[in-house]
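> Dropping the structure in here first, questions after.
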Ligand code: AKB
């Protein structure tokens, strides 16, 4: 680490103001804008800064503060944290599973070097640091149904390897220096307003758009490939509730969170209750099918439920109803 500033060991080491000052990296991916929106409702618009290396659409500028931040540029990050009195850092910048396999060197740089930068920054500035992990942090030798929080993790993707590395580095720095590191393993996240980019679970978003546009979805996974999934608002709520949980309630620093598991055929069947003419054809692609086959089909999230009260609101039927309504609303 570049510099370590130790935390006082008691819980009075909360941020100095009532409201945290939050910086979100990789803010223009699938999750950043929605999380910022939810955090801003609780903590005020000015206390949540979204960042990315891309220029955002006008509506993102209008929603609240947006800044340029490159996770590979330590000085840029440090300047942002210091100048804006940041106390919480949400690190969403990463290359996902499928795109990572096509760009291994870049994935290694963004997902590992970028992580080292935010870990150092968090240590130096006593930040509470949230880093998402994923079902992708498990591999073919992990228990699949369900995968518990603690078990064998030998992922076969650079994305998975980088996420196991993140879990271990964060936990190590927590135990050695008291870093307030918090990590949730997300399932595939299903959202209407933002598209995922380069993941193995992306079909679970695309199928809704196809159902409402052409009525035909060509799926790159086999019909019976079961994966853990979650509605985006549950994902945001889990993240915020976990960030707000008192340290004394956390028996772990990395938790699985679950909501539902489904196969392409099951989600298609549920969509057909609203759109009976949906046609799905299956054309599995080797890379994504192999990745999906190595991931858990279900998460055991009993520790998250017990320690800090995690409970999802959306099951499959609620998710499908909401997705179709939200996409329709956006199109009109
Ligand atoms: C991906 O498919 O790569 C991501 C994930 C499950 O982490 N959505």
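> Exactly one condition in (1) closer than 30 Å to residue 39 by Cα; (2) crowded, with 17+ Cβ neighbours inside 10 Å is false for residue 221; which is it?
For residue 221, the exception is condition (1).
> Can you find even one residue in the range 59-70 that is within 20 Å of the chain's Cα centre (by Cα) and buried (at least 22 other Cβ atoms within 10 Å of the Cβ)?
Of the range 59-70, the ones within 20 Å of the chain's Cα centre (by Cα) are 60, 66, 69-70.
The next check asks that each one be buried (at least 22 other Cβ atoms within 10 Å of the Cβ); those that pass are 69.
Looking through the range 59-70, at least one residue is within 20 Å of the chain's Cα centre (by Cα) and buried (at least 22 other Cβ atoms within 10 Å of the Cβ).
> Out of curiosity, is residue 306 modelled with pLDDT of 95 or more and more than 21 Å from residue 267 (Cα to Cα)?
The answer is yes for residue 306.
> Just checking, how many residues over the range 231-259 are free of Cβ contacts under 8 Å to residues at least 60 places away in the same chain and either crowded, with 21+ Cβ neighbours inside 10 Å or in a helix (DSSP H, G or I) (or both)?
First, pick out the residues of the range 231-259 that are free of Cβ contacts under 8 Å to residues at least 60 places away in the same chain: 244, 249, 251.
From what's left, either crowded, with 21+ Cβ neighbours inside 10 Å or in a helix (DSSP H, G or I) (or both): 244, 249.
Qualifying residue count for the region: 2.
> Let me ask you something else. Could you go through the range 71-87 and let me know if any residue there is outside any helix (DSSP H, G or I), buried (at least 16 other Cβ atoms within 10 Å of the Cβ) and without any contact (Cβ under 8 Å) to a residue 60 or more places away in the chain. Can you show your working first?
The initial filter retains those residues of the range 71-87 that are outside any helix (DSSP H, G or I), namely 71-73, 84-87.
Remaining after also requiring buried (at least 16 other Cβ atoms within 10 Å of the Cβ): 71, 84, 86-87.
Retained after the next criterion (residues that are without any contact (Cβ under 8 Å) to a residue 60 or more places away in the chain): 71.
The answer is yes; a qualifying residue exists.
> Now a separate question. Mind checking which strands (runs of 3 or more DSSP E) fall wholly inside the range 180-224 and carry at least 2 residues that are away from the ligand (no atom under 16 Å from the Cβ)?
Numbers: elements: 180-186, 188-190, 216-219.
It comes to 180-186, 216-219.
> Still on this structure, please answer the following. Taking residue 280 as the residue in question, decide whether it is crowded, with 16+ Cβ neighbours inside 10 Å, out of contact with any helix residue (DSSP H, G or I) (no Cβ under 8 Å at 6 or more places or on another chain), modelled with pLDDT of 95 or more and not in a helix (DSSP H, G or I).
Details: crowded, with 16+ Cβ neighbours inside 10 Å: yes; out of contact with any helix residue (DSSP H, G or I) (no Cβ under 8 Å at 6 or more places or on another chain): no; modelled with pLDDT of 95 or more: yes; not in a helix (DSSP H, G or I): yes.
Criteria not met by residue 280.
> While we're looking at this one, here's another question. Which of the residues spanning the range 141-157 are surrounded by fewer than 23 Cβ atoms within 10 Å (Cβ to Cβ) and within 16 Å of the ligand (Cβ to nearest atom)?
First pass over the range 141-157, keeping only residues surrounded by fewer than 23 Cβ atoms within 10 Å (Cβ to Cβ): 141-146, 148-154, 156.
Selection gives 142, 144, 146, 153, 156.
> Sticking with this structure for a sec: From the residues in the range 97-120 that are under 11 Å from residue 199 (Cα atoms) and in contact with a helix residue (DSSP H, G or I) (Cβ under 6 Å, 6 or more places away or on another chain), which one is farthest from the ligand (Cβ to nearest atom)?
So the first thing to find is which residues in the range 97-120 are under 11 Å from residue 199 (Cα atoms), and the list is 97-101.
The next check asks that each one be in contact with a helix residue (DSSP H, G or I) (Cβ under 6 Å, 6 or more places away or on another chain); those that pass are 97-98, 100-101.
On the way: 97: 3, 98: 6, 100: 8, 101: 10 Å.
Among residues in the range 97-120 that are under 11 Å from residue 199 (Cα atoms) and in contact with a helix residue (DSSP H, G or I) (Cβ under 6 Å, 6 or more places away or on another chain), the one farthest from the ligand (Cβ to nearest atom) is 101.
The values are calculated or read from the model by the stated rules, or taken from the named source; none is laboratory data. In this text the structure is predicted, and so the values were computed from the model without any measurement. Don't worry about glycine lacking a Cβ; one is built from the backbone with ideal geometry, like all the others, and counts go over all protein chains shown.
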